[in-house]
Every structure is written in C-alpha cells, then in structure tokens.
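Each remark here refers to the structure printed beneath this line.
Here, each number is a calculation from the coordinates, and none is a lab measurement. Keep in mind that what you see is a predicted model, and the values were worked out from it rather than measured. Cβ atoms come from the backbone with ideal geometry, glycine included; neighbour counts cover every protein chain shown.
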Amino acid sequence: MAYPLQLHPTPSNPNHPVLLCLHGHPGSGACMEVFTQGLGHRFQTLAPDLRGYGRSRTRQDFSLADHLRDLEELLDRQNIGPYWILGWSLGGILALEMAMRHPDRVQGLILIATAARPRSNHPPTVWQDDLYTAIASLINVLIPGWGWNIRSFGQKSLYRYLLETHTPATYRYLARYALGAYLRTSPQAHRALRQALGQRYDRTADLPRILCPCWVAAGENDRHITAAASEETARLLPQATWQLYPHTAHLFPWEIPHQMLQDIEAWLQGLASPSP
C-alpha cells in the first residue's frame, strides 16, 4: 500500500500541464519553491514531501521503490493524466524511474543535479566541518545572509561543497528551507538512500527507453553528484538538452535561480515552437 504524501501549496492553474516537482535528500516539497514559483505561470505544479521527509512522516523502513509507488498513488488520487516531472538530485533519480515506468504519461523531464549513475567526489569530512556547519546554519536562520557569518563559518563549513558562490541571496534560501528540511529528514530516509547507493545504483543501460524531451543541468563543481555523471545521463537520453553552469555546485538553483529559470523557459519555448 502506498504512503499518503503531503503536498505543499503551490501556485496552480488547472488549465496548465501538470509539473510534478520532486526534491532531493535531505529536502522537502517546500525546497522546490524556486521552481513552483518560477514555473507556476506555465504549469500546474505539485510539490510533495517524499516519504520520510518533511511532513510525510513514517517510522517504517522503506526503499527507493516505495517512493515510486507513493508517487503513483498520489497522481491517481489527484486524477492526473499526462504530466511532466522536475527532479532535483534524488528527485531526478525518481523522475527517471517514473519515466521508465510510465512512458505513456510522462511528457517531459527537467533533471537538476542528478544522474542515472550517480557518482560523488565529496572529500572525507571531519568534526570541524560539522561544527562550522551547525554554527553557520543557526546564525543564518537568525540573521539570514549575514556576510560576517558567511565568511567566518559558512565558507569553512560543509556548505563549501554544496555551493560555489557564497552570496547573501543564496544563504537566504538556505535559511528559509535547508535547515528545516534537514531536521525533518527521518533516519529511515537516510537509510533508504544509503541502501540504494550502496547497491551501486545504475540505470544508464535503460536510458534509451526514455523518449520524451529532457533538460539536464548540473553545476560545474558539484561534489555530491558530479557534473560528469549528469552529462553521461544527458548523453544517453535520446531527446536531451545538456546545460552546464560554471562556478556553481549542487545547490545551483539557489545560486543562479534567475539564469536557470530563463534557460528552462527558453528550452520549453523551443519545444513549443515549430521547427523551421
């Protein structure tokens, strides 16, 4: 039986195509607001908290496959027919899986900092990393985007592997969404992701089955899912457009939101325009 996922309120127009927005790990549907707000004029957006994240609480262990069943039940409950999917990190992996399971319903994919064969080059961490991250996060919640905190703690914390541009605007996104999402990510969600990665998750051989249009983007300096892994996915998808953003990392949607949304909009407009 699927788990009843909790939805975050999003700007919706029932006359527009549906865009299912899937967050990463740790994360929540609220973290997808940069997309639900930025693309709400074009899509009816749905942003659920995946099982074990945000308000979709559980004490039962689960697997990556359970996320897929949850999403299928959600779409059926909402009477959704054809739809698009936007997935960030783990959400992108789920988007690829959904496209393979439902090629007749998935109209297109927007894949953010993700890969069908996710590989990391994140260096080992030490206790000082955790300490600086905790201090930077707490101060940032109290005084979002404070330059002194960014310089003194943020750039020395684990944020240095998630971000390349440590701007006040980016840290305001962190203050609004990141800490709360991290604290609400369950132990079961951590275990489910570790299990999938421990099994060397790899769906590259199945990517030629996904025939819908895809936009695949990565930050050049992503340490969590490398840009090379994302580019491999784009290369193997039959109908993919590849976008690499220099001087950004895994959280590039919060580093360059306006540029990213402009590029997505241009790609969507290109799909809608007839070929010469």
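Is it possible to state the helix-based mean residue ellipticity at 222 nm for the chain, with each DSSP H run of 4+ residues giving -39500 (n - 2.57), the sum divided by total residues, to the nearest 500 deg cm²/dmol? What is it?
Per the formula, -11500 deg cm²/dmol.
Among (i) 67, 42, 35; (ii) 51, 48, 37; (iii) 60, 42, 33, find the value of Cα extents along the principal axes in Å that was calculated from the structure presented, and write down its label.
Computing Cα extents along the principal axes in Å and matching it to (i) 67, 42, 35; (ii) 51, 48, 37; (iii) 60, 42, 33 gives (ii).
Treating only the Cβ of Lys, Arg, Asp and Glu as charged (+1, +1, -1, -1), what charge dipole size does the range 127-181 show about its Cα centre? Round to the nearest 20 debye.
So the dipole magnitude of the range 127-181 works out to roughly 160 debye.
At 7 Å along Cα-to-Cβ for each site, give me the label-to-label distance between ARG151 and TRP242 in nm.
3.9 nm
Which distance in Å, rounded to a whole number, links the C-alpha centroids of the range 116-167 and the range 60-94?
30 Å
Please state the relative contact order of the range 127-181 as a whole percent: Cα pairs under 8 Å, 6+ residues apart?
Computed value for the range 127-181: 43 percent relative contact order.
Near ASP61, within a Cβ-to-Cβ distance under 11 Å, what is the net charge of the other residues, with Lys and Arg +1 and Asp and Glu -1?
+2
Can you list residues whose amide H is under 5 Å from TRP84's amide H, if they're 5+ apart or on another chain and H is modeled 1.01 Å from N?
VAL18, LEU19, LEU20, GLN107
Between ALA192, TYR161, PRO103, whose Cα lies farthest towards the positive end of the dipole of the chain when Lys and Arg beta carbons carry +1 and Asp and Glu beta carbons carry -1, centred on the Cα centre?
ALA192
State the answer as a single residue: which of PRO48, SER230, ALA115 lies farthest towards the positive end of the charge dipole of the chain, with beta carbon charges of +1 for Lys and Arg and -1 for Asp and Glu, about the Cα centre.
Going by the Cα projections, it comes out as PRO48.
What is the spin-label model distance, in nm, from ALA272 to HIS190 if the labels are put 7 Å beyond Cα along the C-beta direction?
Simple spin-label model gives 4.4 nm for this pair.
If we count trypsin sites (Lys or Arg not before Pro) as exposed when they sit in a DSSP loop and have at most 10 other beta carbons within 10 Å, what is the longest stretch of the chain that avoids them all?
In the chain, the maximal stretch lacking such sites is 60-199.
Could you size up the charge dipole of the range 144-233 around its Cα centre, putting +1 on the beta carbon of Lys and Arg and -1 on that of Asp and Glu, and report it in debye to the nearest 20?
520 debye
Which residue fluctuates the most in the chain, going by a Gaussian network model with Cα springs under 10 Å, if the choices are ALA227, ALA175, ALA113?
ALA175
To the nearest 20 debye, what charge dipole does the chain have about its Cα centre, counting +1 at the Cβ of each Lys and Arg and -1 at the Cβ of each Asp and Glu?
For this selection, approximately 500 debye.
Treat each spin label as a single point 7 Å out from the Cα along the C-beta direction, and report the SER120 to ARG55 distance in nm.
For the pair SER120/ARG55, the computed spacing is 2.9 nm.
Could you state the angle between the C-alpha long axis of helix 90-101 and the longest principal axis of the C-alpha atoms of the chain, as a value from 0 to 90 degrees rounded to the nearest 10?
10 degrees
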